[in-house]
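Peer 1: Pasting in a structure now, in structure tokens, and then I'll have a few things to ask.
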Amino acid sequence: DTAVSQTPKYLVTQMGNDKSIKCEQNLGHDTMYWYKQDSKKFLKIMFSYNNKELIINETVPNRFSPKSPDKAHLNLHINSLELGDSAVYFCASSQDLGIQRRNEQFFGPGTRLTVL
Amino acid sequence: GQNIDQPTEMTATEGAIVQINCTYQTSGFNGLFWYQQHAGEAPTFLSYNVLDGLEEKGRFSSFLSRSKGYSYLLLKELQMKDSASYLCAVTGTYKYIFGTGTRLKVLA
């Protein structure tokens, strides 16, 4: 069974369009994340949600809007896509926000977004 | 500020031992993770250190020195399948900060 799934796996679209990426985890985790990995392979956190509440918003343009309908889902909607948005977007989850013990993240397969 | 440094690339030979270093500066340090990421795939968890010292897990070991802001990942008996990027990540207040990763190439 897939632990963290994302759809779609590939997304090719024109500048100015609006698109969404969906993420679901079946691990029963409380915390979910969105990361952006650019062409230099730098993995940068964008958002973190805990029990459907936004915890971290890392200076991401407000064209990016996460939505968490329940704690198993964290979707990412992007308005007015720009060339610089081209990257691989990873969703991840962890048991909770626990930071003083091993609390590894489980990553989805990634969504490769190409903006033309 | 917060900063994590790793070498960009390393090359080693099958069967050899390689050490990948990670130095960090961060406020509110709570633990250090290593992840492996094969090309075109998602990162997967390798190891976790919260106390100083060495954690061994099969062919992989990870070391932490909190006073020096330093960690390394040691890979023994390298195999071709170990060719991947290795990401060091430090946990601070409610979030991870990932390093840029070290791309390891294992040659036959």
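The values are calculated or read from the model by the stated rules, or taken from the named source; none is laboratory data. This one's a predicted model, so the numbers in the text were calculated from it and none came from an experiment. Positions of Cβ are backbone-derived with ideal geometry, glycine not excepted, and every protein chain shown enters the neighbour counts. For the accessible areas, the whole protein counts, side chains as well, though only heavy atoms, and no ligand, DNA or RNA atoms are used. Shrake-Rupley method; radii C 1.70, N 1.55, O 1.52, S 1.80 Å.
Peer 1: Which lysines, if any, have their Cα less than 29 Å from the Cα of residue A:22, not counting same-chain residues under 8 positions apart?
Peer 2: Cα-Cα hits under 29 Å: A:9, A:36, A:40, A:41, A:44, A:52, A:67, A:71, B:95.
Peer 1: Additional query: Using a ≥ b ≥ c from the Cα gyration tensor of the stretch A:1-42 (square roots of the eigenvalues), is it rounded, prolate or oblate, where a/c under 1.5 gives rounded and otherwise the larger of a/b and b/c decides, a/b for prolate?
Peer 2: Because a/c hits 1.5 or more and a/b exceeds b/c, the stretch A:1-42 counts as prolate.
Peer 1: Using +1 on the beta carbon of Lys and Arg, -1 on that of Asp and Glu, and nothing else charged, what's the dipole of the stretch B:45-108 about the Cα centre, debye to 20? All intermediate terms of the calculation are to be shown ahead of the outcome.
Peer 2: Details: 9 positive and 5 negative charges, 37 e Å.
Value, rounded to 20: 180 debye.
Peer 1: Once you charge only the Cβ atoms, +1 for Lys and Arg and -1 for Asp and Glu, what is the size of the charge dipole of chain B about its Cα centre, to the nearest 20 debye?
Peer 2: On the way: 9 positive and 9 negative charges, 26 e Å.
About 120 debye.
Peer 1: Counting pairwise Cα distances across the stretch A:1-93, what percent come out greater than 17 angstrom?
Peer 2: Values: 2014 of 4278 pairs.
The answer is 47 percent, as a whole percent.
Peer 1: For chain B, modelled as a Gaussian network with Cα springs under 10 Å, which listed residue fluctuates most, B:31, B:15, B:58?
Peer 2: For chain B, modelled as a Gaussian network with Cα springs under 10 Å, the answer is B:58.
Peer 1: To check my understanding: the extent here is largest minus smallest coordinate of the Cα atoms along each principal axis. What are those three numbers for the protein assembly as shown, in Å, largest first?
Peer 2: Answer, in whole Å and largest first: 49, 38, 38 Å.
Peer 1: Further, regarding this structure: Picking from B:7, A:91, B:30, whose Cα lies most toward the positive end of the charge dipole for the protein assembly as shown (charges on Cβ: Lys, Arg +1; Asp, Glu -1)?
Peer 2: B:7
Peer 1: Next up: With both partners inside chain A, how many of the DSSP beta bridges are antiparallel, as a percent to the nearest 5? If you can, show how the numbers build up before the last one.
Peer 2: Working: 36 of 40 bridges.
Antiparallel bridges: around 90 percent, rounded to the nearest 5.
Peer 1: What is the sum of charges, Lys and Arg at +1 and Asp and Glu at -1, for the other residues whose Cβ falls under 15 Å from the Cβ of residue B:8?
Peer 2: Cβ neighbours under 15 Å give a net charge of +1.
Peer 1: Could you tell me how far the Cα centroid of the stretch B:62-82 sits from the Cα centroid of the stretch B:1-52, in Å?
Peer 2: Cα centres, the stretch B:1-52 to the stretch B:62-82: 7 Å.
Peer 1: From Cα coordinates alone, what are the radius of gyration and Dmax values for chain B in angstrom?
Peer 2: Computed over the Cα atoms of chain B, radius of gyration and Dmax are 13.2, 42 Å.
Peer 1: Related question: What does the structure give for A:41-49 when I average, per residue, the other chain Cβ atoms found within 10 Å of the residue Cβ? Could you put the intermediate results ahead of the total?
Peer 2: Values: counts 9, 5, 12, 3, 5, 0, 0, 3, 0.
That works out to 4 on average.
Peer 1: If a/c stays under 1.5 just call it rounded; otherwise compare a/b with b/c (prolate if a/b is bigger, oblate if not). Do that for the stretch A:73-116, with a ≥ b ≥ c from the square roots of the Cα gyration tensor eigenvalues.
Peer 2: Numbers: a/c = 3.16, a/b = 2.66, b/c = 1.18.
The shape class here is prolate.
Peer 1: How big is the charge dipole of the stretch B:28-78 about its Cα centre, in debye rounded to the nearest 20, if each Lys and Arg gets +1 on its Cβ and each Asp and Glu gets -1 on its Cβ?
Peer 2: 120
Peer 1: Under a Cβ-Cβ cut-off of 11 Å, what is the net charge of the residues other than residue B:23 that fall near it, where Lys and Arg count +1 and Asp and Glu count -1?
Peer 2: Values: positive: B:68; negative: B:5.
Cβ neighbours under 11 Å give a net charge of 0.
Peer 1: As a test of reading the structure, rank A:73, A:29 by solvent-accessible area (1.4 Å probe, protein chains only), most first.
Peer 2: I get A:73, A:29, largest accessible area first.
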